[in-house]
Structures are given as structure tokens and as C-alpha cells.
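See below for the structure under consideration.
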Amino acid sequence: MRFLIDSFSPEEIKKVLEYYPAEGVTTNPAIISRERRPLKATLLEIRELIGEKMLHVQTMQKESGAMVDEALKLRDELSVTPDGHDFFIKLPAVPEGLKACAYLSKKGVNVTMTAIFTPMQALLSARCGARFVAPYVNKLDDVGDGEACVEKTARLFEAHKLDTKILSASFRNVSQVTRVALSGSHYCTLPPAFFEKLIYHPMTENALTGFESDWLSAYGNKTPSELMEE
Ligand code: E4P
């Protein structure tokens with residue numbers, strides 16, 4: 001499974017990119033609204049930071065024609081590659097979204113179908129040409145089983161040889177991320193602070209403390225590279 005950053009904060013995105021293998025950025029209206037930053041300037045700043053990595057931005061339009069217009073406008077503004085392959089318009093998994101998805105996909109615009117809660121929403125999206133479907137794992141866990149939705153979607157895509165990728169979103173704990181990775185999610189998108197939760201383990205810290213004191217008692221403050229020069 002590959003990783004994306006779910007954030008509208010250039011500072012936090014920059015920090016994650018420095019340490020973690022993130023392949024792009026996703027945003028959504030809730031994340032953007034929480035930050036209260038100027039939309040265009042901030043999206044352009046994020047684009048600058050990530051270069052040609054993927055950027056996913058959601059439409060706020062309700063009707064398919066307006067979704068298409070917004071997608072094309074956003075792609076023009078926010079893509080830095082000549083073919084626009086670095087930009088993904090996020091469309092909701094509703095009939096108007098599907099209609100816009102089919103049209104945009106045929107035109108070569110990348111679509112991520114979002115707010116996916118069932119395997120059938122995912123299958124319809126894939127058949128309309130979506131590049132990604134985004135199941136909301138924790139929101140589903142609140143009422144049922146997020147991992148099951150990911151696992152069934154992965155089986156459907158495999159059985160019917162569909163290229164659409166699963167981009168799992170909405171997590172509250174590390175176990176949910178592990179479980180969707182094992183269940184066939186191709187990507188997940190995580191808030192910046194989540195990356196630290198994935199790498200941290202107290203026993204790793206203990207192991208390092210042990211190595212430190214063993215080394216100190218044998219070689220003092222000299223490092224292996226210093227000792228190699230003696
Ligand atoms: C999708 O774009 C988001 O990752 C998702 O809505 C976040 O879900 P949460 O609000 O449960 O964290």
C-alpha cells in the first residue's frame with residue numbers, strides 16, 4: 001500500500017515529505033475549511049511543494065455539467081504536467097458525480113470518486129472510469145465494517161480486472177491502516193500526525209537505548225566511522 005497526505009497545511013505537508021514516503025496530497029472541503037487559508041494561494045503553495053506528485057481536490061458543485069467545468073478549471077490552475085496527470089478531481093459517489101466521472105475520464109481527466117461506503121458504489125465508479133475510489137474506513141467502522149468494504153472492493157476489482165485503485169481514507173488508529181493494507185487497499189491517505197503513529201513503537205526506543213549504553217561502555221563517545229579511521 002502506498003501513502004498520501006490528507007492535509008491543507010503546507011507546513012505540515014513539507015514536514016511529512018521530508019521523512020515519509022508520501023506520493024501526493026489529498027484535500028477535502030472539511031480539511032480546507034478547518035484551515036481557513038486562502039484557497040488558491042495555498043493550493044499553489046502545496047503544488048510547489050509536491051512538484052509532480054498527485055494532488056486531489058474536491059468539487060463543491062452539485063450538477064454534473066458544473067462539476068465538469070470546475071474540474072477542468074482546477075486542473076488548468078493546479079497541474080504542472082502537460083497532460084494533467086498530476087491532478088485528480090474528487091467527485092462524490094452520487095449519480096451526478098458518476099455522470100461527470102464518465103465524461104471527464106473519457107476526456108483524460110483523472111477522477112477520484114469519494115465518500116464511498118459500499119463496494120457497489122466503488123464498482124460503478126470504476127466502470128465510469130474513476131482512477132481512484134476512496135472508501136471512508138473509520139466513518140464506516142462507526143456503523144459497520146470499513147475493512148470489509150475495502151476487502152470486497154479489492155476482490156471485485158481483481159475479479160473483473162479493473163485498474164481503478166482503492167484509496168482508503170478516514171482513519172482513527174493504526175490497526176485500521178494495517179487492516180486495509182492487508183485487505184488490498186492500494187493507497188491510503190493520512191493526516192500528517194498519523195505518520196508518526198505508524199513509525200513509533202516504544203520497544204524500538206528501548207532497543208535504541210540499549211544499543212546506546214552497550215556501545216558507550218565499550219567505545220565511549222567514538223562512532224563506528226571514527227573508529228574505522230584509527
Ligand atoms: C476524505 O477525503 C477524508 O480523508 C475523510 O473524509 C476524512 O475522514 P475523517 O473526517 O473521518 O477523518
Only unsatisfied item for C188, checking (1) within 15 Å of the ligand (Cβ to nearest atom); (2) touching a residue at least 24 places away in the same chain (Cβ under 8 Å); (3) farther than 17 Å from S7 by Cα; (4) not β-branched (V, I, T), is (3)
Does V25 meet the test of being within 14 Å of the ligand (Cβ to nearest atom) and either hydroxyl-bearing (S, T, Y) or not in a loop (DSSP other than H, G, I, E, B) (or both)?
yes
Consider T27 carefully, then state whether it is under 16 Å from P10 (Cβ atoms), at pLDDT 95 or above and polar (S, T, N, Q).
yes
Kindly evaluate M67 against the criterion of being assigned by TED's automatic domain parsing to the domain that holds A169, closer than 30 Å to E151 by Cβ and over 21 Å from the mean Cα position of the chain (by Cα).
yes
Can you say whether P202 is under 17 Å from the mean Cα position of the chain (by Cα) and either within 16 Å of the ligand (Cβ to nearest atom) or at pLDDT 95 or above (or both), as far as the supplied structure shows?
no
What helices (runs of 4 or more DSSP H) completely inside the range 129-202 contain at least 3 residues that are within 19 Å of A93 (Cα to Cα) and in the same structural domain as C101 (by TED's automatic domain parsing)?
137-143, 146-159
Considering each residue of the range 102-128, count those that are closer than 17 Å to H56 by Cβ, part of a helix (DSSP H, G or I) and within 16 Å of the ligand (Cβ to nearest atom), and give that number.
2
Check the range 75-95 and report whether any residue there is more than 16 Å from A130 (Cβ to Cβ), part of a helix (DSSP H, G or I) and touching a helix residue (DSSP H, G or I) at 6+ places or on another chain (Cβ under 8 Å).
yes
Scanning the range 132-167 for residues that are of a type outside the set (F, W, Y), within 12 Å of the ligand (Cβ to nearest atom) and within 13 Å of the chain's Cα centre (by Cα) gives V133, A134, P135, V137, L167
Consider only pairs whose beta carbons are under 6 Å apart and that are at least six residues apart or on different chains; among these, list those whose first residue lies in the range 162-184 and is at positive phi and whose second residue is within 15 Å of the ligand (Cβ to nearest atom) and hydroxyl-bearing (S, T, Y).
S170/Y136
Is it the case that the range 168-183 has a residue that's more than 15 Å from the ligand (Cβ to nearest atom) and aliphatic (A, V, I, L, M)?
yes
For K106, which of the numbered conditions (1) surrounded by 18 or more Cβ atoms within 10 Å (Cβ to Cβ); (2) without any contact (Cβ under 8 Å) to a residue 40 or more places away in the chain fails to hold?
(1)
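The values are calculated or read from the model by the stated rules, or taken from the named source; none is laboratory data. Since this is a predicted model, take the numbers as computed values, not measurements. Here Cβ is always computed from backbone atoms with ideal geometry, including for glycine, and neighbour counts include all displayed protein chains.
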